[in-house]
1. Relative contact order for the stretch D:1-89: what percent, with Cα pairs under 8 Å and sequence separation of 6 or more?
2. In whole Å, how far is the Cα centre of the stretch C:1-67 from that of the stretch B:158-235?
3. Springs between alpha-carbon atoms under 10 Å, Gaussian network over chain C: tell me which of C:L98, C:L219, C:L20 tops the mean-square fluctuations.
4. Any of B:K35/C:K280; D:K107/D:K225; A:K16/A:K79; D:K115/D:K140 with alpha carbons more than 24 Å apart? Name them for me.
5. For every other residue with a beta carbon closer than 11 angstrom to the beta carbon of D:H299, add +1 if it is Lys or Arg and -1 if Asp or Glu, then tell me the sum.
6. For the protein assembly as shown, what does the helix formula give at 222 nm: sum of -39500 (n - 2.57) over DSSP H segments with n ≥ 4, over the residue count, nearest 500 deg cm²/dmol?
7. Enumerate the aspartates and glutamates that A:K317 could reach by cross-link, defined here as Cα to Cα under 16 Å, with residues fewer than 8 away along the same chain left out.
8. Give the chain A residue with the shortest beta-carbon distance to the rotation axis relating chain A to chain D, plus that distance as a whole number of Å.
4 protein chains.
Amino acid sequence: MIKVGVVGATGYSGAKLVQLLLNHSEVEIVYLGSKSYKGSHLNDIYKNFLPNENLLLKSEPLIEVSKLCDVVFLALPSKVAKNMVTQEVLDNTLIIDLGADFRLETKQAYETWYKAEAADKEILDQAVYGLTDIYKDKVKSTKLIANPGCYTTCSILTLSPLVKYDLIDINSIIIDAKSGVTGAGKSLNFNSLYCEVNENFKAYGITTHRHTPEIEQELSKLANKDITIQFTPHLVPMNRGILATCYAKLKKDVSDEQIDSAYRTFYKDCDYINYLGQGKIVETKYVKDTNRIDISFHHDTRTNNIIALGAIDNLVKGASGQAIENMNIYFGFNQYHGLTKFSSTPL
Amino acid sequence: MIKVGVVGATGYSGAKLVQLLLNHSEVEIVYLGSKSYKGSHLNDIYKNFLPNENLLLKSEPLIEVSKLCDVVFLALPSKVAKNMVTQEVLDNTLIIDLGADFRLETKQAYETWYKAEAADKEILDQAVYGLTDIYKDKVKSTKLIANPGCYTTCSILTLSPLVKYDLIDINSIIIDAKSGVTGAGKSLNFNSLYCEVNENFKAYGITTHRHTPEIEQELSKLANKDITIQFTPHLVPMNRGILATCYAKLKKDVSDEQIDSAYRTFYKDCDYINYLGQGKIVETKYVKDTNRIDISFHHDTRTNNIIALGAIDNLVKGASGQAIENMNIYFGFNQYHGLTKFSSTPL
Amino acid sequence: MIKVGVVGATGYSGAKLVQLLLNHSEVEIVYLGSKSYKGSHLNDIYKNFLPNENLLLKSEPLIEVSKLCDVVFLALPSKVAKNMVTQEVLDNTLIIDLGADFRLETKQAYETWYKAEAADKEILDQAVYGLTDIYKDKVKSTKLIANPGCYTTCSILTLSPLVKYDLIDINSIIIDAKSGVTGAGKSLNFNSLYCEVNENFKAYGITTHRHTPEIEQELSKLANKDITIQFTPHLVPMNRGILATCYAKLKKDVSDEQIDSAYRTFYKDCDYINYLGQGKIVETKYVKDTNRIDISFHHDTRTNNIIALGAIDNLVKGASGQAIENMNIYFGFNQYHGLTKFSSTPL
Amino acid sequence: MIKVGVVGATGYSGAKLVQLLLNHSEVEIVYLGSKSYKGSHLNDIYKNFLPNENLLLKSEPLIEVSKLCDVVFLALPSKVAKNMVTQEVLDNTLIIDLGADFRLETKQAYETWYKAEAADKEILDQAVYGLTDIYKDKVKSTKLIANPGCYTTCSILTLSPLVKYDLIDINSIIIDAKSGVTGAGKSLNFNSLYCEVNENFKAYGITTHRHTPEIEQELSKLANKDITIQFTPHLVPMNRGILATCYAKLKKDVSDEQIDSAYRTFYKDCDYINYLGQGKIVETKYVKDTNRIDISFHHDTRTNNIIALGAIDNLVKGASGQAIENMNIYFGFNQYHGLTKFSSTPL
């Protein structure tokens, strides 16, 4: 039984994380943090939780929280965590940051895309990018796990085998991604009002979305070459789910069997990567509330493009579920303990 | 470990039932029936399920199925089950019927509202109305459980304490109910097309809905008097959930404390009845994918009306979840084994 | 050609009003007011409008606006208009207030329900309740029209003939109303976020909603007796539309023909009241973007209740469309000029 | 005043067409055809229409209809119209076909993509592709107008200036398109049920969608070279609207000004093409129920890709509205008569 804390428990990812932790038999929640709702209980805000004294929200400095917990999850807006995580904190506890402040490996990349000063280099250098299916081993030996973004998780997992096994022209990658509205978080914003989102479809953050450098960093490492991608997110009028439609030019004479084999080989030890095979479609509803990713590919022989498709639940595999995977691995639990592989709803 | 079968596994209630049974540690699924999809696997139709050889769909006569199973769930359209359930079937196995054919206690009531011949009297007389929170004891001693309808479950549970403790004028009951679209099942029907339902709100079945006599039968038994109610269902553009807004004239000088106490007393042993108290609101999203009912009441001193509100998930407490409760009780498992009390999603 | 101004042009009702006015051949928009967006153009905010220099948003005192305009529409939050409308303003121009500040005829009623001081009695006494189908004649002879609320319009029009012709027990009226989300306006509020509203259904304002006294005031005038009603609003996950399901006990021996005749007689001169007759259903989608109300009734002989149903578009008949009707009548245009009777979409 | 007929009036496009024709001052509807609903009135099916004797649905042979009408619109499923349109029909009347049977110029292309015999060559050769903004002149001199598909209209109009002015690598075009559910028509299909579509996002028809050859045909004509594109449609949980996100590699040293100028020049005479300029976003809600297309572009200097975005209402500009444009031009009315340029709703 380990002691856990969640800072930023009232956002959508934070609340989902608490729900998963409550169902996890190896953890005890000892701290829930919220600046705005200090003194309330999480079940006052999310009435799906039943009244529970342990869901009291507090607002303590991270250094104090770190003394109470074996692991502290940070589910905070960008640019907040980097000023909170100190060496002293890391000496006390494992930090799993669901935000973006420790994901980019160089200060320069962060500063270019986030237009703000990056975290201290000494801290940043300790961060491990927590894309669990790929960095399982590294996750064990750090005190600072930078949990990947939602678009990022979906895009990288969908494209990695193609990049790793050199099957595509790495200069041709286009990721046309679509997200449900929880992806935007629970902040008060005209663009998140029901009547603004409902019955509408649009792209946003075109050429400038901050998940771009994260995807490029990781694919470049796999390719051992600098990769620049085109990434375009869109907003779908639904609560949850991400679909990434990924396009790339196949290298000459790459066969369908090679592609199929690349996926199977690359993910042979990854139980929650549900590779469906060639010619299948993936749908966000089938991964809802699971920690699964569904992946398929199509090969257009007319254009010699591959269209690879990935679908995840942005709040689970794209945030809280993957954070739990990282915790599980770090503490030696089964990687998927407390997570579900098939959707709790047929709808 | 008991052996279970589900006949009609590909409808929304059937598939939800299978999902719950797969997570239930005391059962083994030995038969899944579907006329239309015989030979396919349930996971081909509902891709939230992962491939699983045990999900093969068959189409055998009920008598054969009854020989294989300790309990067989029927999730069929109205007017089908009554012709399938024979004494021989009941001698072999427990039948839990999620349909309407055995819910009304008299042949006459069935024939009036369903415009069809009722089930044989001998069979009908063996049926126990499976509103678990009220008929826990009776459920144990029958081979035929008539699982209540979704609107019915929500309405009866919301009104029962008021009727039982004689707090309202029983001639004044109005139930204005609202349901998500899964309530209509998965049949091909213009009225269930996305573009017909989306961005629309309407009432239907006004004065004629078949859950009316079911509610009247049960409330009458509690009151020991014949009760006639006004029941009006509406269709909400959402997948799941039922909200019942129930109105009644309070008897003279009934105090808020009396009402509050009625709810607390009546449901004191019912863990999954989440009585929120006076002046609270209930919302369908907070009970989604749980076997919970959320109940509250308001007393309007200007009109002396009580407005009692209940919310359930129509597929769980209103169908498959309650069917599992009945199975659990019959076989001596914990009543709530395999069911959840708080929503798996904060959304 | 008359000169019009709209104060509060950027809310949902205000913007809808501007759209209707742009299509009205007898008006010229000379002023659009917005405190928050002063200096922008309305088409920057609502990109369905094409760029148009006339849509520049200003923020001038009402007294100045009143000098420019033959009519000024106020589309403001509660409790704002009452402090802006002075005798001097009314001497200059016709005011059509889409808000609630002048709808209740007594200061006391306002103060009870709105918990704030009412408008000055002298101003209030000049206000005419602008339920056009009923007060056509009075509207012509005032400088201050209090445009009715959305729930109110739908409820009163659905019930008026029953009350007027003494067909129901006036102490038994229950209005269970449902509204799309535009009814809540365009303010930043957690309860209006997409993910909070979507896939959910709930009641709100139970026993306390401020449209209650407005409905009671108007029905009481028709009945020549004090009427107290039960009014319960609900939020539907859709953009637009109101459905009112109205229940009342019929008086003894009232025939269906009498009811039918009451509707036909009462509304014989009202082109946009689309009375569908007995046994029909009404749906919000069919009145979307029209100035129509669809009305039907059902008589339950088991309970002797009448269930009367009304459906309107809350932004049109329930706000901006009816405001245009009032303007048309005041200035001697055809009552329906610039308004549509059938929905522009089949969906 | 011309006489018009609509064959297939009860589908979504057909009903929208009737609604537009009813508002068009230069036409008289003399025939509405429906096999399934013969004898009913269109207003029985779409209750947004008020009762109207002229909306009686009949089922006559096309040759008889052609004798009554100056123009007959066909709004039928694929593979039906090709067997109905004969030379005799064309001698009698103008045919505007909203289906696909006459859009592809060669029999071979049709047979490859539609897996069925194409229309007779003599008839096919008379067909003019009715993409009004581009083929205004040709439309005047034919008796058979093949109205373009919805995805097609949006994609071609978004890409045409780039192709025409040789600004992009024509082998690099990727169109990632998204459509509301009316695009699937009003047929009974599990995939169109509310609960199947709602809260879900998926791609479909990957590499095989039949609008692909139509887009290729038209872009190839503009480029004077064979163009092969990648086209991937997706289904959005909303009623109406198409967004096309179009990617292409820019040719070397193409400046933003050149691109901007290409759009302005190409569409200088097209009133309803709402080119928004560089860096803007387009949203489907802003073109809803209009005959407008909103277009913008982004230039990613990191990848040298252009991302061009187009948004239309699939039922209007993508079907019935453009059909009206073609009719208007053929009969010498103003091209946009009876159509709207700005959305009737701010939402």
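Coordinate-derived values only; no laboratory data. Fair warning: this is a prediction, and the values are worked out from it, not measured in the lab. When we count neighbours, we look across all protein chains shown, and the Cβ atoms used for this are built from the backbone with ideal geometry, even at glycine.
1. About 35 percent, as a whole number.
2. Centre-to-centre distance over Cα atoms comes out at 45 Å.
3. Largest GNM mean-square fluctuation: C:L20.
4. B:K35/C:K280; D:K115/D:K140
5. Surrounding charge for D:H299 is -3.
6. Mean residue ellipticity at 222 nm (helix-derived): -8000 deg cm²/dmol.
7. Output for A:K317: A:D97, A:D133, A:D271, A:E283, A:D289, A:D294, A:E325.
8. That would be A:D176, 2.
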